[in-house]
1. Looking for whichever is of a type outside the set (Asp, Glu), surrounded by 20 or more Cβ atoms within 10 Å (Cβ to Cβ) and not assigned by TED's automatic domain parsing to the domain that holds residue 124 here; the options are 178, 202, 171, 214. Which one fits?
2. Checking residue 195 against (1) more than 24 Å from residue 47 (Cβ to Cβ); (2) out of contact with any strand residue (DSSP E or B) (no Cβ under 8 Å at 6 or more places or on another chain): exactly one of these is not met. Which one?
3. Does residue 28 count as among the charged types (D, E, K, R) and more than 16 Å from the chain's Cα centre (by Cα)?
4. Looking only at the stretch 78-130, which residues are touching a Lys or Arg at 6+ places or on another chain (Cβ under 7 Å), in a loop (DSSP other than H, G, I, E, B) and surrounded by fewer than 16 Cβ atoms within 10 Å (Cβ to Cβ)?
5. For the stretch 38-49, what are the residues that are buried (at least 21 other Cβ atoms within 10 Å of the Cβ) and part of a loop (DSSP other than H, G, I, E, B)?
6. Inside the stretch 177-235, can you point out the residues that are more than 13 Å from residue 37 (Cα to Cα) and part of a strand (DSSP E or B)?
7. In the stretch 181-195, which residue that is modelled with pLDDT under 90 and crowded, with 18+ Cβ neighbours inside 10 Å is farthest from the chain's Cα centre (by Cα)?
8. Based on this model, can you work out whether residue 9 counts as under 20 Å from residue 199 (Cα atoms), surrounded by 19 or more Cβ atoms within 10 Å (Cβ to Cβ) and of a type in the set (A, V, I, L, M, F, W, C)?
Amino acid sequence: MAMLSVENLNCFYGNVQALWDVGMTVEEGEIVALLGANGAGKTTLLNAITGIIKPAGGVINYLGESIDKLSSSEIIYKGISYLPEGGRLFPDMTVRENLEMGAYGKRNWKRRNEVMKRVFELFPKLNQRQKQLASTMSGGERQMLAMGRSLMSEPKLVMFDELSYGLAPIIVDEVFNIVTRLKTEGITVMLVEQNVHQSLQIADRAYVLENGRIALCGESCHLLEDDYIKKAYLGM
């Protein structure tokens, strides 16, 4: 049984259809990349999985249970965390306060200090800057803070939307290294990215969304050698 399975998912924004019969699976312990250009439907799929938008049709199962009719808070409580593009931090709150906001559930709040120690092990800079306002941090530091906040709910599955967007190459490398480390610590990752080459290098499998439909899927090592991927996404 897959950790997450999506079957025949259709989503609309008003009268405009954004996803067409999308199907995919994420197995426990995997890094699965979801690739595609802007407007392909990647964020819409994440929003549907996390209950931000309700699908018009299809099924979303998590650990064998249907979640497509649950609220976002219920889905988070079940062990799914979602980091949207840009991080959406609270700029006038400190590093520590932003992290605590990721543990707002009653169960997570009780364990916030213990979980925060684990976050600080992943991101030592955050430990050093607990009292610093998020608005005064660099772009890379804010992204790491957003990643840390997404881990405060102790998710089994974490979904990252455009982690590398706007970051310097050296910071991108650091961010992707952390994603790989999360896998070794038992956290399953779904990675939505336009950085196709680097995503395929760390992912186990990948899906390519085009115009709201799954165009390709397979093991990342095979997709890296796919002629269409090379031409359309890698500039080769």
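1. None of the others qualify; the one that does is 214.
2. In the conditions (1) more than 24 Å from residue 47 (Cβ to Cβ); (2) out of contact with any strand residue (DSSP E or B) (no Cβ under 8 Å at 6 or more places or on another chain), residue 195 misses (1) alone.
3. Against the criterion (among the charged types (D, E, K, R) and more than 16 Å from the chain's Cα centre (by Cα)), residue 28 does not qualify.
4. 130
5. 40, 41
6. 188, 189, 190, 191, 205, 206, 216, 217, 218, 219
7. Ranking the candidates gives 195 first.
8. Criteria not met by residue 9.
The values are calculated or read from the model by the stated rules, or taken from the named source; none is laboratory data. Values in this document were obtained by computation on a predicted structure and should not be read as measured data. Cβ atoms come from the backbone with ideal geometry, glycine included; neighbour counts cover every protein chain shown.
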